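Before we start, here is the structure in question, set down as structure tokens.
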Amino acid sequence: MAEEKNEFNSEIQKIIGIMEEKKAKDIKVYDMRGKSPFFDYSILCTGSSNRNIEAITTDVKKSLDAVKSVEGLEEANWVLIDAGDVIVSIFSQDARDYYKLDEFYSGVKEENRQNNE
């Protein structure tokens, strides 16, 4: 079990690294293990423009081994990447404010992440 956790942490860290490299803002990782039967982690971030959201999406998608689907890329307002045990949401600021997904996850443990800041 600890081995699986480390594996996810490395995948999560890789996604976060890409987001940071692409200048995503307000990156949050929610640990959904035991709370959702569908996925273990939900990662949210905000892009600065449609082009930035597309760049984040492209690089995150390339880094993942198994992408089941990508939704919303045409509008690049809220892009959802379903990678099985990890769900990645990349928002415009307006969409993040509108959908308030962070409030939906209130009460869920936010995973500590190591930043190289």
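The values are calculated or read from the model by the stated rules, or taken from the named source; none is laboratory data. What you see is a predicted model; the values in this text were computed from it and never measured. Neighbour counts run over all protein chains shown; Cβ positions are idealised from the backbone, glycine included.
Answer yes if at least one residue in segment 21-42 is over 20 Å from LYS109 (Cβ atoms) and in a strand (DSSP E or B), and no otherwise.
The answer is yes, given that some residue of segment 21-42 is over 20 Å from LYS109 (Cβ atoms) and in a strand (DSSP E or B).
For THR57, all conditions in the list (1) part of a helix (DSSP H, G or I); (2) surrounded by fewer than 18 Cβ atoms within 10 Å (Cβ to Cβ); (3) of a type outside the set (Gly, Ala, Ser) hold save one; what is the number of the exception?
Failed condition: (2).
Does ILE12 meet the test of being aliphatic (A, V, I, L, M) and modelled with pLDDT of 95 or more?
Against the criterion (aliphatic (A, V, I, L, M) and modelled with pLDDT of 95 or more), ILE12 does not qualify.
Could you give me the residue pairs with C-beta distances under 8 Å whose first residue belongs to segment 57-83 and is on the phi > 0 side of the Ramachandran plot, whose second residue is in a loop (DSSP other than H, G, I, E, B) wherever it lies, and which are 6+ apart or on separate chains?
Short answer, once both residue conditions are applied: ALA76/GLY47; ALA76/SER92.
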